[in-house]
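A short write-up of the structure that comes next.
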Amino acid sequence: MKNIKNYTINELKEELKTLGEKPYRAEQIFKWLYQVNVTSFEEMTDLSLELREKLKKEYDICNYNILEKQVSKDGTVKYLFDILDGNAIETVLMTYKHGKTICVSSQVGCKMGCKFCASTGIAFIRNLTSGEIVEQLLAVEKDLSIKISNIVFMGIGEPLDNFDNVMKAIEIINYPKGLGIGARHISISTCGLVPKIYEIADKDLQCTLSISLHASDDKKRSSMMPINNLYNIEELMKACKYYIKKTNKRISFEYALAKDNNDNEQDAKELIKLLKGMLCHVNLIPINKIEERQIFQKYK
């Protein structure tokens with residue numbers, strides 16, 4: 001069965017044509033999926049019974065099961081979702097004054113091996129489809145009866161390593177007659193896949209780009225982030241400057257403070273020197289003890 005949430009509005013219109021249906025029905029289906037957040041085709045009551053039967057025969061509506069849910073004192077909610085193939089992913093909801101932000105996963109596991117990241121040690125299994133990415137948002141909205149205003153691609157996996165599906169998910173999320181979340185409310189984080197930074201710059205998206213930097217020299221960064229052995233800081237900075245020039249948008253650099261490693265005065269001075277003159281923001285992050293792996297291990 002095909003996951004109907006994997007389709008953009010234009011793709012769904014083409015699918016409906018193959019079923020002998022009018023393309024405008026796609027708008028109705030999008031409304032039911034993303035505004036009403038239904039879990040079955042039977043609930044799409046302004047579609048004919050015949051069309052609903054066709055949809056049931058050809059497509060599946062991806063509805064996640066909650067394996068575990070943890071609520072922190074500050075209101076942060078962590079979900080472990082069963083993604084219906086025996087695998088699990090984590091999704092996190094955070095509440096701020098400006099609204100509710102969801103941190104979504106883009107892969108089952110991760111290939112990047114960053115030393116400080118909770119994804120490290122969770123073996124890469126596969127990419128999530130666009131519909132599986134979007135379903136994280138829908139599942140949280142349904143569980144809590146809320147509307148999410150901001151999305152961060154910073155969960156399990158490297159978003160730019162699943163480039164096509166992430167871009168497609170953003171198109172679905174951004175569609176005005178669906179979820180209608182503006183691109184300026186969507187943030188994409190990467191450990192530094194340089195070719196994809198150029199590619200995303202050329203797409204001229206209005207999303208925010210966040211770079212996991214964490215060190216200002218190659219030796220330290222390579223020890224923390226293996227990706228630096230493939231694309232060093234010089235190459236990364238060149239790509240970032242291209243992105244800024246192309247889009248005129250500010251980049252957010254993420255810098256995790258590791259005690260007695262990258263948190264001293266000299267490191268601060270080197271970071272200032274590295275980023276001087278760039279249109280950017282630096283987000284300093286205290287590193288927490290990684291405990292998330294244990295939660296995934298139970299479901300393997």
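Nothing in this text is a laboratory measurement; each read-out follows from the coordinates by a stated rule. A quick note: this is a predicted structure, and the numbers were derived from the prediction, not measured. Neighbour counts run over all protein chains shown; Cβ positions are idealised from the backbone, glycine included.
With runs of 4+ DSSP H residues as the only contributors, calculate the mean residue ellipticity of the chain at 222 nm using -39,500 (n - 2.57) per run, divided by the residue total and rounded to the nearest 500. Mind showing how you got there, number by number?
Working: 10 runs with 102 residues, N = 300.
Counting only the DSSP helices, I get -10000 deg cm²/dmol.
Go through Lys100/Lys246; Lys147/Lys273; Lys115/Lys177 and tell me which ones have a Cα-Cα distance over 32 Å in this structure.
With Cα atoms farther than 32 Å apart: Lys147/Lys273; Lys115/Lys177.
Give me the number: length gained by fully extending Ala123 to Ser149, i.e. 0.36 nm times residue separation minus the C-alpha to C-alpha distance, one decimal in nm. Each step should come with its number before you reach the end.
On the way: separation 26, 0.36 × 26 = 9.36 nm, distance 3.09 nm.
Extending this stretch completely gives an extra 6.3 nm.
Roughly how many nanometres apart are two label points built 7 Å out from the Cα toward the Cβ at Lys246 and Tyr24?
Label-label distance for Lys246 and Tyr24, simple model: 3.9 nm.
Please give, to one decimal in nm, the separation of the simple spin-label points placed at Lys203 and Leu284, each 7 Å out from Cα toward the Cβ.
3.3
Of Lys142/Lys168; Lys31/Lys249; Lys31/Lys196; Lys22/Lys203, which pairs sit farther than 25 Å apart, going by alpha carbon to alpha carbon? Don't skip to the end; give the middle numbers.
Details: Lys142/Lys168 22 Å; Lys31/Lys249 31 Å; Lys31/Lys196 32 Å; Lys22/Lys203 30 Å.
Where the Cα-Cα span goes over 25 Å, the pairs concerned are Lys31/Lys249; Lys31/Lys196; Lys22/Lys203.
Considering only DSSP states other than H, G, I, E and B, which trypsin sites (Lys or Arg not before Pro) in the stretch 105-161 qualify as loop sites with at most 16 other Cβ atoms within 10 Å?
Here the sparse-neighbourhood loop sites are Lys111, Lys115, Lys147.
What is the distance in Å between the Cα centres of the stretch 31-55 and the stretch 151-170?
First find each Cα centre; the distance between them is then 27 Å.
What are the membrane-span-like helices in the chain by this rule: whole DSSP H runs, Cα extent along the axis at least 20 Å, mean Kyte-Doolittle hydropathy at least 0.0? Walk me through the numbers on the way to the answer.
Details: long enough: 130-144 (22 Å, 0.23); 233-247 (21 Å, -0.46).
TM-like helix candidates: 130-144.
Can you give the charge dipole size of the chain about its Cα centre, rounded to the nearest 20 debye, using +1 on the beta carbon of Lys and Arg and -1 on the beta carbon of Asp and Glu?
So the dipole magnitude of the chain works out to roughly 600 debye.
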